[in-house]
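I have placed the structure first, in the form of structure tokens, so that the comments after it can refer back to it.
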Amino acid sequence: MDKIIIHGGKQLSGSIQISGAKNAALTLLPCALLTDEPLTLRNLPRLADIDSFQHLMNQFGVSTAIAGSRPEDFGRVMTLEATRITSNVAPYDLVRKMRASILVLGPMLARMGEAKVSLPGGCAIGNRPIDLHLKVLEALGATIELASGYVRAIAPDGGLPGGRYSFPVVSVGATENALMAAVLASGKSTLHNAAREPEIVDLCNLLVAMGAQIEGIGASDIVIHGVPRLHGATYRVMSDRIEAGSYACAAAITGGDVLLKNACIEEMEATVQAFRDAGLIVEPRGADLYVAADGPLRPVQVTTAPFPGFATDMQAQLMAMLCRADGASVLTETIFENRYMHVPELNRMGANIETSGKTAIVHGVPRLSGAEVMATDLRASMSLVIAGLAAEGETQVHRLYHLDRGYERLEEKLLGAGAQIERVGDD
Ligand code: UD1
């Protein structure tokens, strides 16, 4: 397995191209199941998770063709064509690797009247049940059966009628599954307390481009008027707001500055607020976002929450940055239990972080020191890279599998901004 070696202490400065959003791409890809016409997605990031999803779509008999994959291109163009679906089963082997496979349940059910998806296993950042996915599909008219580790969703003859559901907890994935199921229902569906994340808006915009009728896009109450069929479309995946925030933390911890090419400030308001509270300069510049350190980092208090709150996916990276702040920051994680697994690794690098339940107190330290580290999830891995960029000496980050799921060409992007970083084969 490869590892990343960072020689810390170099001040970052330069521009970094932000890729298409992983989490948006993972809900736009299954939309190909909703039509027998071609769906072309532009600005798809080159990531292991996207490759896995492509593989899953191929298993269903969906053809996929990739263009624009010259090595110098950021972003790929993929055309998916589900003229004939030959299987409606998402097998254990693929779902195990990528939890987002559950997002085929809604569209497959809508198109084929039946879908069978392996239950995702446990997950490093908490239990992550799928009960809300199943409850909302039931509310739209599906029958759900659980057997032998699989969930089977069946629509009545004539397809899903549609229905009303109020989410007890905001769930991004369950909202996505519900939207993709409801667009082809025979009647109207209403979702209350739906997720409002920008990735949900991206999904709705694609569905509308395919002919869906959706009211309340970006709101927590969404009304979907089912249509008999959807058509093909060409659509550009939104920029990755989490990737943009991660590189901002990377530049800031080194006392540097970065122009995040194609980062959208409206989609990152809570993150930007936290950056400004920490003393960073944040300025939109056309389609880009400029972020710069401006003196010592100040401590902040941040609580993760569904959008428009501070994203749980930015918690670990912000925490790494705050390790070097001038005082004690307080972070509270309300979305996932078990999402502080980066803390012991950051502490091994000289950080001073205490956790108690949902709360972490990050006492800023004057210096971090390089170490051999590894993390068990994607954002936790990035937090170690961020800490390594500011640490004295050499940091080795192992288990790159996670980073490769979510950060396109990480080393290349950081190298371009002046970091000393390389990927080498593990011995
Ligand atoms: C998505 C993102 C993930 C992000 C998360 C929260 C993708 C591929 N992943 O994950 O990066 O961290 O949103 O912004 O887009 N819950 C239930 N039952 C369910 C579903 C969820 O109890 O059926 C709970 C979860 O355990 C969690 C909370 O709801 O506590 C939010 O989870 P959810 O928004 O569903 O996250 P994902 O869609 O899995």
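Can you name every residue in segment 135-170 that is more than 22 Å from Ala195 (Cα to Cα) and among the charged types (D, E, K, R)?
The answer is Glu145, Arg152, Asp157.
Here's a check for you: in segment 283-339, which residue that is more than 16 Å from the ligand (Cβ to nearest atom) and β-branched (Val, Ile, Thr) is surrounded by the most Cβ atoms within 10 Å (Cβ to Cβ)?
Val291
Residue check: is Ala82 at pLDDT 95 or above and out of contact with any strand residue (DSSP E or B) (no Cβ under 6 Å at 6 or more places or on another chain)?
Yes, satisfied.
Of the conditions (1) touching a His at 6+ places or on another chain (Cβ under 8 Å); (2) under 30 Å from Leu414 (Cα atoms), Ile5 fails just one. Which one is it?
Of everything listed in (1) touching a His at 6+ places or on another chain (Cβ under 8 Å); (2) under 30 Å from Leu414 (Cα atoms), Ile5 misses just condition (1).
Residue-wise test of (1) away from the ligand (no atom under 11 Å from the Cβ); (2) in contact with a helix residue (DSSP H, G or I) (Cβ under 7 Å, 6 or more places away or on another chain); (3) without any contact (Cβ under 8 Å) to a residue 24 or more places away in the chain.
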site	(1), (2), (3)
Leu132	no, yes, no
Leu140	yes, yes, no
Gly149	yes, yes, no
Pro156	yes, no, yes
Gly159	yes, no, no
Tyr165	yes, yes, no
Pro168	no, no, no
Thr175	no, yes, no
Lys188	yes, no, no
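For segment 252-282, give me the residue count where each residue is of a type in the set (D, E, K, R) and within 23 Å of Lys10 (Cα to Cα).
3
Please work out if Asp257 is in the same structural domain as Ala419 (by TED's automatic domain parsing), surrounded by fewer than 24 Cβ atoms within 10 Å (Cβ to Cβ) and touching a residue at least 24 places away in the same chain (Cβ under 8 Å).
Yes: the conditions hold for Asp257.
Here's the yes/no breakdown for (1) in the same structural domain as Leu26 (by TED's automatic domain parsing); (2) modelled with pLDDT of 95 or more; (3) in contact with a strand residue (DSSP E or B) (Cβ under 6 Å, 6 or more places away or on another chain):
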{"residue": "Gly211", "(1), (2), (3)": "yes, yes, no"}
{"residue": "Ala219", "(1), (2), (3)": "yes, yes, no"}
{"residue": "Ile222", "(1), (2), (3)": "yes, yes, yes"}
{"residue": "Ser246", "(1), (2), (3)": "no, yes, no"}
{"residue": "Glu269", "(1), (2), (3)": "no, yes, no"}
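Of everything in segment 381-417, what is surrounded by 17 or more Cβ atoms within 10 Å (Cβ to Cβ) and small (Gly, Ala, Ser)? Give them in sequence order.
Hits for segment 381-417 are Ser381, Ser383, Ala387, Gly388, Ala390, Ala391, Gly406, Ala417.
Among the residues of segment 89-124, how many are under 22 Å from Leu160 (Cα atoms) and touching a Lys or Arg at 6+ places or on another chain (Cβ under 6 Å)?
Residues flagged as under 22 Å from Leu160 (Cα atoms) and touching a Lys or Arg at 6+ places or on another chain (Cβ under 6 Å) within segment 89-124 amount to 2.
Listed here are the residues, each with its yes/no results for (1) of a type in the set (S, T, N, Q); (2) in contact with a strand residue (DSSP E or B) (Cβ under 9 Å, 6 or more places away or on another chain); (3) more than 25 Å from Asp257 (Cβ to Cβ).
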residue: Asp2; (1), (2), (3): no, yes, yes
residue: Gly20; (1), (2), (3): no, yes, no
residue: Leu29; (1), (2), (3): no, yes, yes
residue: Leu34; (1), (2), (3): no, no, yes
residue: Phe53; (1), (2), (3): no, no, yes
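Return the pair list, or none, for Cβ contacts closer than 8 Å from residues in segment 19-34 that are on the phi > 0 side of the Ramachandran plot to residues that are away from the ligand (no atom under 11 Å from the Cβ) and not hydrophobic (A, V, I, L, M, F, W, C), at least 6 apart or on different chains.
Going by the 8 Å Cβ cut-off, there are no qualifying pairs.
The values are calculated or read from the model by the stated rules, or taken from the named source; none is laboratory data. Computed from a prediction, not measured in an experiment: that's the story for all the values here. Positions of Cβ are backbone-derived with ideal geometry, glycine not excepted, and every protein chain shown enters the neighbour counts.
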